[in-house]
1. Name the one entry in Gly258, Gly240, Gly266 that is in contact (Cβ under 8 Å) with a residue 60 or more places away in the chain, of a type outside the set (Lys, Arg) and over 23 Å from Pro122 (Cα atoms).
2. Given (1) part of a strand (DSSP E or B); (2) over 18 Å from Thr117 (Cβ atoms), where does Phe158 come up short, assuming only one miss?
3. Is one or more of the residues making up segment 269-284 in contact with a helix residue (DSSP H, G or I) (Cβ under 8 Å, 6 or more places away or on another chain), hydrophobic (A, V, I, L, M, F, W, C), assigned to a strand (DSSP E or B) and buried (at least 19 other Cβ atoms within 10 Å of the Cβ)?
4. Identify, from the list Val221, Val225, the residue that is assigned by TED's automatic domain parsing to the domain that holds Glu154, farther than 25 Å from Leu143 by Cα, modelled with pLDDT under 95 and not hydroxyl-bearing (Ser, Thr, Tyr).
Amino acid sequence: MLKMTWTLNDNGRLVATWNEVKAPGWRRARPSFRTAQRAFKTLRLLNGCSLLTLGTQCAHNRSAGTKGESMKYTQRTGHNNGIYLTRISLAIALFALVLLTISPSFATTKGLNQIVTPDIQPQGALSVSYQQQDPNIANPSELQFELGITKRFEAALFQGLKPGEDILNVEYGIIQDKQFLLSTGFAGYSSRYPHPTPYVEAGYQTGNAYFMAGIEQSQIVSGGVTGPTYNQQQTQAILGAAYHATPRLLVQVDYQAGEANSLTGGFTYTITPTLTFNPAIYYSNSEPHNIYGYSVLSWNIQMF
């Protein structure tokens, strides 16, 4: 930057001179920029790696460094991995830009392992999540964007990666008191299965404990020759409980009736005030009972 100084010459007149100086604090800005670069490169390396299955696909993503190798992999497996990597890379790049330009918001727990919760995302708070789960639960890899639009209304968009899928959830808080909550909305409005699931749910908070119960109107789906077949509607109970064991650790269980759903147990750990990690185990309702894995990493940002 340029700095102007005034000096007296031999004739006693003031003369302005300009000198180039380094802006104060410029050295302090460099480490944060390098940290952002390293974080972005790390996200790119983890681009195709599953949080639950760090197996052949992750190894392929690290080794297939040329276009020719990527084409061979596509022809051999029938999966166009490049399309998904491009989609993930764009999403991560936008995510990185958002993190660098928007102030953080204190992390909150939205939803339990399986069911929605009746509390509404704070107004202006955006929760950005990467979700990895067993294919028997839902889309194996998903990005989630959940925004509190008003004090009583929120919307969440899930971007399924394999296969490509868009899912919309919305929720409206009818009652949002400190202890008692009542909300309604719909979940699972998908580009692949356009039959949303309406629900109504109540919650009660006391001390470190949080209890919730409600009902969902679900469509029973079965496979067909021409695509999914929606046989009938079924009213299913949803139940959940959470307990703050420590300021950073929230232990949670939930249950949803129906053969396609599960009993789950897991926890949410607050890594930083804005970053949380939620792993869980699903125990299927249908026989034979199976156990599936699930995990989600979330970052909260204050948008407005």
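The values are calculated or read from the model by the stated rules, or taken from the named source; none is laboratory data. Values in this document were obtained by computation on a predicted structure and should not be read as measured data. A quick note on method: Cβ atoms are made from the backbone with ideal geometry, for glycine too, and the neighbour counts reach across all protein chains shown.
1. The conditions single out Gly266.
2. (2) is the only condition that Phe158 fails.
3. Scanning segment 269-284, I find no residue that is in contact with a helix residue (DSSP H, G or I) (Cβ under 8 Å, 6 or more places away or on another chain), hydrophobic (A, V, I, L, M, F, W, C), assigned to a strand (DSSP E or B) and buried (at least 19 other Cβ atoms within 10 Å of the Cβ), so the answer is no.
4. Testing whether each residue is assigned by TED's automatic domain parsing to the domain that holds Glu154, farther than 25 Å from Leu143 by Cα, modelled with pLDDT under 95 and not hydroxyl-bearing (Ser, Thr, Tyr) leaves just Val225.
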